[in-house]
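Here the structure comes first, spelled out in structure tokens, and everything after it is commentary.
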Amino acid sequence: MSRGAKIAAAVVVVAAVGAFVGIRFKTPESAPEAVAPPMVRVQQPITGDIELFRSMTGTVEASDSVYVIPMAAGEITAVYVKNGDYVEEGQLLCEIDTKQVDAARLQLEAAQIALQDANKNLERMNVLYASGDISAQAFEQVQSGAKSAKIQYDSAKLAYDYQIEFSSVTATIAGKIESSTMEVHGMATQSNPLCVISSEGTKVVTFSVPEAILPHVKEGETVKIEKAGSEYQGTVTEVNTMVDPVTGLFKVKASLGEGEALPNGSVVKLYITSDKAEGVLTVPVDSVYYDNGNPYVYIYNDGIVHRADIQTGISDSDNIQVLSGVSAADQVITTWSPELYEGAPAVLAE
């Protein structure tokens, strides 16, 4: 036998042995394992309330604030209060040299002298008239002169009192002095307030809402207010139904409970109800799925999964309102599994 034939025969023998060994030790194919039904948790729809809030900012103000505006312009000659002082109603705040007090006083003195002269003349004419020395017409003229002098005196007295009042600026309410611009030798004008007086006690928060939220904001509604990590509760006391032409919003005021420590003019964050559903059927938000934007849930019934298409309303972070598609007796599946589909078997978790 030639050398090449021997090599070929050896190769055939090795291949045959390898095939035999492979057939002998080949592992048989394993049968497919059965997939266990998914274990699910369920919850029946419950009746409850869903309330949505909208965040916005507001400004703290005193419940009663007065801008003190002088009745006449002039140089401020004396100031008796400063920012932060508490004043009583009628307390003197400052004095103003209106340059008209002296003129009013001179007119008053002239009117007073004229009145005295008219009264003395009336007394003399009264004696002459009684004795028949003057006519009734002349006496009536004297009486008219006395009456005219009295009117002129009263007018001058009123003008003088006004000037005195204008030059002495007093507090119209009791409270705290804020934003005072009063300085000695400074000028007081009728276009600029001298100061603001804020009453003590209850404060209010002023804020504005868009037209879409206005129907949900009613007097007596509760609002949550936050400032520097502290929470306060407010109550809506005033809702302006006329739109602000500048902002296009509606102004709202809410009384601030226990917020006396908040400074006037400070900005706070508040939350108001933007939508509300009371006494409605709800399911957990996580139990709702969507098919092309259409919501549905899975319901467990005697070990079988069923799909239920539903109609939803408003929702918060936990629950969603269900308008139709399920009832309070249904067992809504709240756990997720890739094995959930219509007609799939399922096992309730303990």
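The values are calculated or read from the model by the stated rules, or taken from the named source; none is laboratory data. Everything quoted here is computed from the prediction, not taken from an experiment. Don't worry about glycine lacking a Cβ; one is built from the backbone with ideal geometry, like all the others, and counts go over all protein chains shown.
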Search region 37-52 for residues that are closer than 15 Å to G279 by Cα and pair each with any residue that is in a strand (DSSP E or B) and of a type in the set (D, E) when their beta-carbon atoms are under 6 Å apart and the residues are at least 6 apart or on different chains.
D49/E278; L52/D275
Might you check whether a residue that is surrounded by fewer than 20 Cβ atoms within 10 Å (Cβ to Cβ), touching a strand residue (DSSP E or B) at 6+ places or on another chain (Cβ under 8 Å) and either on the phi > 0 side of the Ramachandran plot or free of Cβ contacts under 8 Å to residues at least 60 places away in the same chain (or both) occurs anywhere in region 155-171?
no
Any chance K276 is surrounded by fewer than 19 Cβ atoms within 10 Å (Cβ to Cβ), modelled with pLDDT under 95 and closer than 30 Å to S208 by Cα:
yes
Just to be sure before I move on: is A174 surrounded by 14 or more Cβ atoms within 10 Å (Cβ to Cβ), without any contact (Cβ under 8 Å) to a residue 60 or more places away in the chain, in the same structural domain as A118 (by TED's automatic domain parsing) and not acidic (D, E) in the structure I sent?
no
Might you let me know whether region 276-291 holds any residue that is in a loop (DSSP other than H, G, I, E, B) and either touching a strand residue (DSSP E or B) at 6+ places or on another chain (Cβ under 9 Å) or closer than 19 Å to T237 by Cα (or both)?
yes
Just to verify a result, which residue in region 293-350, among those that are hydroxyl-bearing (S, T, Y) and part of a strand (DSSP E or B), is surrounded by the fewest Cβ atoms within 10 Å (Cβ to Cβ)?
S324
Give the residue that is nearest to the chain's Cα centre (by Cα), with candidates limited to residues of region 191-224 that are in a loop (DSSP other than H, G, I, E, B) and of a type in the set (V, I, T).
V217
Let me spell it out: the conditions are (1) at pLDDT 80 or above; (2) basic (K, R); (3) part of a loop (DSSP other than H, G, I, E, B), and R54 meets all of them except one. Which number is the exception?
(3)
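Residue-by-condition table, conditions (1) among the hydrophobic types (A, V, I, L, M, F, W, C); (2) at pLDDT 85 or above:
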residue: L158; (1), (2): yes, yes
residue: E165; (1), (2): no, no
residue: T170; (1), (2): no, yes
residue: I173; (1), (2): yes, yes
residue: I177; (1), (2): yes, yes
residue: M182; (1), (2): yes, yes
residue: M187; (1), (2): yes, yes
residue: V196; (1), (2): yes, yes
Would you confirm whether or not region 92-102 contains a residue that is out of contact with any Ser or Thr (no Cβ under 7 Å at 6 or more places or on another chain) and under 20 Å from S180 (Cβ atoms)?
yes
Does any residue of region 252-270 turn out to be over 29 Å from V68 (Cα atoms), in contact with a Lys or Arg (Cβ under 8 Å, 6 or more places away or on another chain) and at pLDDT below 95?
yes
